[in-house]
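J.: Pasting in a structure now, in structure tokens, and then I'll have a few things to ask.
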Amino acid sequence: MDVLGGGDEICTILFLDGPDARNALLLRDLPATPAVQSWTSHVLLRVFPAAFDWSGGLLSEAELTGLRPDIPAAPTPSTLLPVDHQLIAALIEDGRASYTDLARRADTTPLTARRRLEALVGGQVLRLATEVDLARLGIRTEALLWITVAPGGLEETGHQLSRHPQVRFASATTGSANLLVAVAAADLNALYHFLSDTIGALVHITTIEVTPILTGVKRTGLVRPGSL
């Protein structure tokens, strides 16, 4: 969830449990919230995965490899157990909870909690993410880019941008623009050069709208298996 400096005040990405949850949010919850005066809803069609390995271009490939968890790849569980759902729910509330705390919330043992979490991480049902104060990395300018791309070039453009060191997130989306990109730059001058040099060199892009991000409230959360 980001607080924006453009016409809209807040932008958030939600991963919901199907159409019923979506309809409840849009048709019941938001209209019943007095502070919300209007909203625009879009659907993420595809999240380009390279952004999950974002490092701002500050680390070498060897340094990135050293930081990645050395967990043997495991097959993705075909069916999640009830205890898995309980553990995931507990981690959403407190990502730093100990195995003992997780076991208590999931009504299981610490050993079982550890084994199930290792299986979920190894099968990439769970991804580990770290929140970083970007200012400590010299990044003081962020923006959302709403980009219109020729349909035949959407896949290529999305993958190209998702691999760029300054791109934190990239997704194909519905709406008047069909590509949403979150950019992190050192300052306004760096953002300008990204728009001019990087975006300007991509032949399939026809229009772009830039919305500055004033501050980030929350950057990680629940993604259901298969959502990506």
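J.: Provide a single number: the residues in the stretch 126-145 that are polar (S, T, N, Q), assigned to a loop (DSSP other than H, G, I, E, B) and open to solvent by less than 40 Å² (accessible area, probe 1.4 Å).
T.: Final tally of qualifying residues: 0.
J.: Could I ask something else about it? Regarding the stretch 149-157, can at least one residue be identified that is part of a loop (DSSP other than H, G, I, E, B) and touching a His at 6+ places or on another chain (Cβ under 9 Å)?
T.: Among the residues of the stretch 149-157, at least one is part of a loop (DSSP other than H, G, I, E, B) and touching a His at 6+ places or on another chain (Cβ under 9 Å), which makes the answer yes.
J.: Looking for something surrounded by 18 or more Cβ atoms within 10 Å (Cβ to Cβ), closer than 30 Å to Thr40 by Cβ, in contact (Cβ under 8 Å) with a residue 24 or more places away in the chain and not basic (Lys, Arg) - is there at least one such residue anywhere in the stretch 187-194?
T.: Yes, that holds for at least one residue.
J.: Just give me the residues in the stretch 157-185 being more than 13 Å from Ile147 (Cα to Cα) and surrounded by fewer than 16 Cβ atoms within 10 Å (Cβ to Cβ), in sequence order.
T.: His159, Arg163, Pro165
J.: Related question: Suppose we filter Gln160, Gln86 for residues that are under 27 Å from Met1 (Cα atoms), touching an Asp or Glu at 6+ places or on another chain (Cβ under 9 Å) and at pLDDT 90 or above; which single one remains?
T.: None of the others qualify; the one that does is Gln86.
J.: Could you go through the stretch 67-82 and let me know if any residue there is farther than 17 Å from Gly122 by Cβ, open to solvent by less than 90 Å² (accessible area, probe 1.4 Å) and either modelled with pLDDT of 75 or more or in a loop (DSSP other than H, G, I, E, B) (or both).
T.: No; the residues of the stretch 67-82 include none that is farther than 17 Å from Gly122 by Cβ, open to solvent by less than 90 Å² (accessible area, probe 1.4 Å) and either modelled with pLDDT of 75 or more or in a loop (DSSP other than H, G, I, E, B) (or both).
J.: Kindly evaluate Gly123 against the criterion of being closer than 30 Å to Val83 by Cα and open to solvent by less than 20 Å² (accessible area, probe 1.4 Å).
T.: Considered against the rule, which asks whether it is closer than 30 Å to Val83 by Cα and open to solvent by less than 20 Å² (accessible area, probe 1.4 Å), Gly123 comes out as yes.
J.: Given (1) under 23 Å from Cys11 (Cα atoms); (2) modelled with pLDDT of 90 or more; (3) over 18 Å from the mean Cα position of the chain (by Cα); (4) not charged (D, E, K, R), identify the lone condition not met by His204.
T.: Condition not satisfied by His204: (1).
J.: Taking the criterion of being open to solvent by less than 40 Å² (accessible area, probe 1.4 Å) and either touching a Phe, Trp or Tyr at 6+ places or on another chain (Cβ under 8 Å) or modelled with pLDDT under 90 (or both), would at least one residue in the stretch 90-111 satisfy it?
T.: Taking every residue of the stretch 90-111 in turn, none turns out to be open to solvent by less than 40 Å² (accessible area, probe 1.4 Å) and either touching a Phe, Trp or Tyr at 6+ places or on another chain (Cβ under 8 Å) or modelled with pLDDT under 90 (or both).
J.: Kindly check whether there is at least one residue in the stretch 146-155 that is of a type outside the set (Asp, Glu), farther than 18 Å from Val210 by Cβ and open to solvent by less than 10 Å² (accessible area, probe 1.4 Å).
T.: Within the stretch 146-155 (the criterion being of a type outside the set (Asp, Glu), farther than 18 Å from Val210 by Cβ and open to solvent by less than 10 Å² (accessible area, probe 1.4 Å)), the answer is yes, since at least one residue qualifies.
J.: Which members of the stretch 15-45 meet the condition of being assigned to a loop (DSSP other than H, G, I, E, B), touching a residue at least 40 places away in the same chain (Cβ under 8 Å) and open to solvent by 70 Å² or more (accessible area, probe 1.4 Å)?
T.: Asp17, Thr40, His42, Val43
J.: Could you tell me how many of the residues in the stretch 144-179 are in contact with a Gly (Cβ under 9 Å, 6 or more places away or on another chain) and farther than 10 Å from Phe48 by Cα?
T.: 8
The values are calculated or read from the model by the stated rules, or taken from the named source; none is laboratory data. Because the structure is a prediction, the values reported are computed rather than measured. Cβ atoms come from the backbone with ideal geometry, glycine included; neighbour counts cover every protein chain shown. What goes into the accessible areas is simple: the full protein's heavy atoms, side chains included, and nothing from ligands, DNA or RNA. Shrake-Rupley method; radii C 1.70, N 1.55, O 1.52, S 1.80 Å.
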